[in-house]
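Take a look at the structure below.
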Amino acid sequence: MRMDVDMIFKIAAVGILVSVLNQVLIRSGREEQAMMTTLTGLVIVLFMVIQLIDKLFTTVKTLFQLY
Amino acid sequence: MEIFQIVGLALVATIFSVLLRNDKPELAIQIGIVTGAAIFLLMIFKISAVVTLLQEIAKKVNLDTVYLTTVLKIIGIAYITTFGAEVCRDAGESAIAAKVEFAGKIMIMVLTVPILMAVLDIMLGIIP
């Protein structure tokens, strides 16, 4: 359960980092790399969120006997 | 008290979500999803206790297990449907949310058919 709560802070950290990197890269005129950074951040977060969603669905399935 | 933990968690998550909403809305939505899942998983032990209690009561009054299972299934479907629909609505996609809710309603209707048929059978048995 601890890990699920930690994931919120992880996502917030990734989001803040990505948006700072994005601004720095755009200021220095590297729009393509800024786009790549955004995409990478989104994919990293998606991987974490998918695992949690799978956990939630499995839990609900076993709890409410939805097979 | 666990409720203070949950409210604190929700407030912090809301602040992060609002912080990211201007710059990275896709990550703000994911924070919403994770918060919802985390709060549900924090409550899982209590929910399973309630479900066990319901099953024990059903056993005591000799209720057919099919009925209780159906009710539990409906609760599960309703919960997952609401969860998905609210996430879609938060992201501003009310149309997709409405479709998700529609699918959930149909699933629940299909599940209730056996109970409806049982009621009909009883009624037909009463009428000579």
(message) Rounded to whole Å, give me the distance from the Cα center of segment B:43-86 to that of segment A:12-62.
(response) 35
(message) Using the basic label-point model (7 angstrom from Cα toward the beta carbon), what is the B:Asn22 to B:Phe102 distance in nanometres?
(response) 3.8
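In square nanometres, what is the average projected area of the Cα convex hull of chain A?
Working: hull surface 20.6 nm².
Result: 5.2 nm².
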(message) Taking each pair of distinct Cα atoms in segment B:38-77 once, what is the resulting Kirkwood hydrodynamic radius in Å?
(response) 10.9
(request) For segment B:64-128, count the residues as N, evaluate 2.2 N^0.38 Å, and divide the Cα radius of gyration by that value, please. (result) 1.49
(request) Report Rg(Cα)/(2.2 N^0.38 Å) for chain B, keeping two decimals. (result) 1.43
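Loop only by DSSP, 15 or fewer other Cβ within 10 Å of the Cβ. Give me the GluC sites (Glu not before Pro) in segment B:56-109 that pass, ordered by residue number.
Numbers: sites: B:Glu56, B:Glu86, B:Glu93, B:Glu101; in loops: B:Glu93.
Sparse-neighbourhood loop GluC sites (Glu not before Pro): B:Glu93.
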(request) Pop the C-beta distance of B:Leu124 and B:Ala58 into the FRET formula with R0 = 25 Å and round what comes out to the nearest 0.05. (result) 0.45
(request) For an R0 of 35 angstrom, estimate the FRET efficiency from the Cβ-Cβ distance between A:Met35 and A:Thr62 and round to the nearest 0.05. (result) 0.30
(message) As an exercise, identify the chymotrypsin sites (Phe, Trp or Tyr not before Pro) in segment A:1-65 lying in DSSP coil whose Cβ has no more than 14 other Cβ atoms within 10 Å.
(response) none
(message) What distance in nm lies between label points placed 7 Å from Cα along the C-beta direction at B:Leu111 and B:Tyr67?
(response) 1.7
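Normalised by the number of residues in chain B, what is the relative contact order in percent for Cα pairs under 8 Å and 6+ residues apart?
Working: 56 pairs, mean separation 21.7, N = 128.
Once normalised by length, the contact order is 17 percent.
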(request) Using +1 at the Cβ of each Lys and Arg and -1 at the Cβ of each Asp and Glu in chain B, identify which of B:Gly76, B:Ile96, B:Phe16 lies farthest towards the dipole's positive end. (result) B:Gly76
(message) Past 30 Å, Cα to Cα: identify those pairs from A:Lys55/B:Lys60; B:Lys59/B:Lys99; B:Lys24/B:Lys99; A:Lys55/B:Lys24, in the order given.
(response) A:Lys55/B:Lys60; B:Lys59/B:Lys99
(request) Run the quick spin-label model on B:Lys46 and A:Arg27: label points 7 Å from Cα toward the beta carbon, then report their separation in nm to one decimal. (result) 4.6
(request) Quick one: work out Rg over Rh on the C-alpha atoms of the protein assembly as shown, Rh as Kirkwood radius. (result) 1.12
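Values quoted throughout were computed directly from the atomic coordinates according to the rules given, and no laboratory measurement underlies them. Computed from a predicted model, the values in this text were never measured in an experiment. Heads up, the Cβs are rebuilt from the backbone with ideal geometry, glycines too, and the neighbour counts pull from every protein chain shown.
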